[in-house]
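K.L.:
I'd like to ask some things about the structure below.
The values are calculated or read from the model by the stated rules, or taken from the named source; none is laboratory data. None of the values given here were measured: they were computed from a predicted structure. FYI the Cβ positions are ideal-geometry reconstructions off the backbone, even for glycines, and counts take in every protein chain you see.
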Amino acid sequence: MQSRFEIENDELLLYLNPRVYNLERIYATAYIFIDRFYFIFDGDPNTEILIRAIPKKKTDLGAFAKLFFEELLSISNYFLMLEKNKDIVTAVLKRALFSITPTPLNQEQEESIKKLDKEIEELGKI
Amino acid sequence: MQQLIQKPIVLPYRYDLISNNIYVVTSSFGNWVFFNKEELDELKSNALSKATEKKLIDAGILLTTSNEKDIIEDYQSMNRNLFLRPSLHMFNVTNMCTYRCNYCHAGVSQGKDMMDEKTALKALRFVFLSSGPYATIEFQGGECLLNWKVVKLVIEKSRELNKTFGKTLNICIVSNLSLLDQEKLDFLTKYDVSICTSLDGTEAIHDSNRKTTAGKGTYETTIGKIKWIQDYYKKNGINKRVDVLATITKAALDNPKGIVDMYAGLGLKYVHLRPVQNLGDALRGWSSLAFSAGQFFNFWKEAMEYIFELNAKGIDIMERGAYNIACRILAKSDPLYVENMNPVGMGRAALLHNFDGLIYSSDEGRMLPEPIFAIGTVDQDPYQVLSNPDNVNGWAASLMDLSAYYSPYSHWGGIHPVHIYQNQGTVIPKTPLYDPFVIFEKQCRHLFEVIAKKGKEAELLKKWTKEAIR
């Protein structure tokens, strides 16, 4: 099948080839535009994915269709980079995040908490 | 330290058109660079010239052995909140109030409760056991001065306890100031307690929002008390300032300059233009208070342009929201503002100790009718409360990589699960429909436009980031 779009009764029909476009990336792209469109997904994830995009306000549907395909490419590339560099990004983040360890209470601090506990206990007796 | 990388790697990036032929490219670690179309095309096609490669390395978007350490340090500095234990502890000492503001998020119209001394001391115990080297105790309400006995007790005890803990301990009251008298001010000053209040702008704006229980405007009282505290500090050589916040409702949208003038006239160093939230009593008249993200942005932009005009005339004032963003993008520092943290700071950087002993993951959490954001009680072990799965799931839902992966500005912003829940009925966010983040993106784009122009305003913005707000 060939990916393409059609405009029908003020709605946009997007036909996507699942062998070229990943279904998760298609979801992620549609999500970006939920402020402007209602999306209804249909079709078969093995042969052809169909999206019916219903605008919330009057929109140039042809221009939006092109924007959708452009954003789909951008999102696919972003997640591809994320996937490809996952290990190194995680390693850098780990090094950044786990370099600080908390310190336990010292004896003096423990004593002052015990004193406070006693005052709380006394208040309970009133 | 062992090197992590064998060959240079372009970190995941997003970009946005800022102005004619200027794009901002941002990396997943929060670094950024301006590119023209040609340079962006090189990046997109992975065919980097030497000059573009150098720009990417200098910016920290191309990860190499030479800049690996800098990228890690920048990330740590921009996200300092991730390395601190809960530092902001709010005490809701009463839900009663002397005022009836039309947007009251705390819903004081139904209030009749006070925190007792025992609960207060247990909450204090929780503060000292759960916080790291920095802690802020902030008294909220209602009107916190209605429960002066408990406020006083917590202040005295916390200073005493801190003699052994040695934390950097800030204490602050958030008050409408109506009950603040000389005795209380002397006490607060003696214990180095900061004072924060609300001023929504000009007399007409402020009085339309903030009224007494009898329905009278409160502008005169507020202004009078702010000036009185400022005079007191000045006369006694006390290096403190009154912090003042503005809640922006529809009534304020036509007059950004009036609000800025009001703050500048009081000698205040910053104005925080915060959009009203649909919580508590605000829900009752929401249609008369609310506005769209676009309307708020236009208001904010006009205020910003005017603030820069005043700055150019030597009047020292800044906008807190812009400051929060500028700190990250220009100074690579963390302003520690809970709502701009990623993930949000609720339940990890900030906690709310309620009058009844319940602990909420955020101030806003206690404002919902049901306690679904209550994560424990003051009787529990702090680590049990903080690791409560309901708490962790709450803030984890706000991870920007999950819901704002599309935004070039997501590294510097945040979303608040309580607002999401209130507006969308679930903590799983539909970020493109979430106005505070839509506004945040517009603000970021505007600030990058200012920076890209490399003019006087960009210099001023940079200067702001050198100031410390609390």
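Residue-by-condition table, conditions (1) assigned to a loop (DSSP other than H, G, I, E, B); (2) surrounded by 16 or more Cβ atoms within 10 Å (Cβ to Cβ); (3) not assigned by TED's automatic domain parsing to the domain that holds B:Phe299:
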{"position": "B:Gly201", "(1), (2), (3)": "yes, yes, no"}
{"position": "B:Ala204", "(1), (2), (3)": "no, no, no"}
{"position": "B:Ser208", "(1), (2), (3)": "no, yes, no"}
{"position": "B:Ile226", "(1), (2), (3)": "no, yes, no"}
{"position": "B:Gln230", "(1), (2), (3)": "no, yes, no"}
{"position": "B:Tyr233", "(1), (2), (3)": "no, yes, no"}
{"position": "B:Gly237", "(1), (2), (3)": "yes, no, no"}
{"position": "B:Lys240", "(1), (2), (3)": "yes, yes, no"}
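K.L.:
Checking B:Ser109 against (1) under 27 Å from B:Ile248 (Cβ atoms); (2) polar (S, T, N, Q); (3) crowded, with 20+ Cβ neighbours inside 10 Å: exactly one of these is not met. Which one?
P.N.:
(3)
K.L.:
Something else now. With respect to A:Arg25, determine if the residue is surrounded by 13 or more Cβ atoms within 10 Å (Cβ to Cβ), at pLDDT below 95 and in contact with a Leu (Cβ under 9 Å, 6 or more places away or on another chain).
P.N.:
For A:Arg25, the condition - surrounded by 13 or more Cβ atoms within 10 Å (Cβ to Cβ), at pLDDT below 95 and in contact with a Leu (Cβ under 9 Å, 6 or more places away or on another chain) - is met.
K.L.:
Among strands (runs of 3 or more DSSP E) lying entirely in region A:1-106, which contain 2 or more residues that are of a type in the set (D, E, K, R) and touching a strand residue (DSSP E or B) at 6+ places or on another chain (Cβ under 7 Å)?
P.N.:
A:4-8, A:48-55
K.L.:
Taking the stated definitions as given, is B:Met318 touching a residue at least 60 places away in the same chain (Cβ under 8 Å), out of contact with any Pro (no Cβ under 9 Å at 6 or more places or on another chain) and within 25 Å of B:Ala251 (Cβ to Cβ)?
P.N.:
Judged against the criteria, B:Met318 is a match.
K.L.:
Being in a helix (DSSP H, G or I) and outside the structural domain of B:Ser292 (by TED's automatic domain parsing) narrows it down to one residue among B:Pro408, B:Pro436, B:Pro429; which is it?
P.N.:
B:Pro436
K.L.:
Look at B:Ile195 and say whether it is modelled with pLDDT of 95 or more, among the aliphatic types (A, V, I, L, M), crowded, with 20+ Cβ neighbours inside 10 Å and not in a helix (DSSP H, G or I).
P.N.:
yes
K.L.:
Still on this structure, please answer the following. Output the number of residues of region B:80-100 satisfying the condition of being farther than 15 Å from B:Glu138 by Cβ and under 21 Å from the mean Cα position of the chain (by Cα).
P.N.:
Total meeting the criteria: 6.
K.L.:
Go through the residues of region B:174-190 one by one and say whether even a single one is buried (at least 21 other Cβ atoms within 10 Å of the Cβ), under 25 Å from B:Leu358 (Cβ atoms), in contact with a Leu (Cβ under 8 Å, 6 or more places away or on another chain) and in contact (Cβ under 8 Å) with a residue 24 or more places away in the chain.
P.N.:
Yes - at least one qualifying residue is present in region B:174-190.
K.L.:
If B:Val418 satisfies every condition in (1) surrounded by 23 or more Cβ atoms within 10 Å (Cβ to Cβ); (2) in a loop (DSSP other than H, G, I, E, B); (3) more than 13 Å from chain A (Cβ to nearest Cβ) but one, which is the exception?
P.N.:
All conditions are met except number (2).
K.L.:
While we're on this one: Of the residues B:Glu73, B:Glu160, B:Glu117, only one is within 11 Å of another protein chain (Cβ to nearest Cβ) and under 30 Å from B:Gln6 (Cβ atoms); which?
P.N.:
Residue meeting the stated conditions: B:Glu73.
K.L.:
Collect the residues in region B:49-100 that are in contact with a strand residue (DSSP E or B) (Cβ under 8 Å, 6 or more places away or on another chain), small (Gly, Ala, Ser) and either in a loop (DSSP other than H, G, I, E, B) or touching a residue at least 40 places away in the same chain (Cβ under 8 Å) (or both), keeping them in residue-number order.
P.N.:
Within region B:49-100, B:Gly60, B:Ser87 qualify.
K.L.:
I've got another one for you. Could you please find all residues in region A:1-37 being touching a Pro at 6+ places or on another chain (Cβ under 8 Å) and within 14 Å of chain B (Cβ to nearest Cβ)?
P.N.:
Passing the criteria: A:Tyr31, A:Ile32, A:Phe33, A:Ile34, A:Asp35, A:Arg36, A:Phe37.
K.L.:
Is it true that some residue in region B:19-31 is surrounded by 15 or more Cβ atoms within 10 Å (Cβ to Cβ), part of a helix (DSSP H, G or I) and at negative phi?
P.N.:
For region B:19-31, residues surrounded by 15 or more Cβ atoms within 10 Å (Cβ to Cβ), part of a helix (DSSP H, G or I) and at negative phi: absent.
K.L.:
Hand me the list of helices (runs of 4 or more DSSP H) wholly inside region B:259-340 holding 3 or more residues that are farther than 21 Å from B:His206 by Cβ.
P.N.:
Hits in region B:259-340: B:293-312, B:320-331.
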